[in-house]
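K.L.:
Here it is: the structure, laid out below.
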């Protein structure tokens, strides 16, 4: 992974949705995510690929 992992707030801003929506979709496995301890993070490269494939 290059750069830094996105937080839910950052991804919500990019996708123009609420932070809660991001958390719910990540928990349901609909948005690719990973955990660092108790924090949910999003790899921007993986998320971009996921968006292109949708």
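The values are calculated or read from the model by the stated rules, or taken from the named source; none is laboratory data. Keep in mind that this is a model prediction, so the values were computed, not measured. Virtual Cβ from ideal backbone geometry, glycine too; neighbours counted across all protein chains shown.
K.L.:
In the stretch 17-54, which residues are over 14 Å from residue 6 (Cβ atoms) and surrounded by fewer than 10 Cβ atoms within 10 Å (Cβ to Cβ)?
P.N.:
Within the stretch 17-54, 28, 29, 37, 38, 52, 53, 54 meet the criteria.
K.L.:
Of all the helices (runs of 4 or more DSSP H) wholly in the chain, which have at least 3 residues that are modelled with pLDDT of 95 or more and in contact with a helix residue (DSSP H, G or I) (Cβ under 8 Å, 6 or more places away or on another chain)? Spell out the reasoning first.
P.N.:
On the way: elements: 8-15, 19-27, 44-53.
Per the criteria, 8-15, 19-27.
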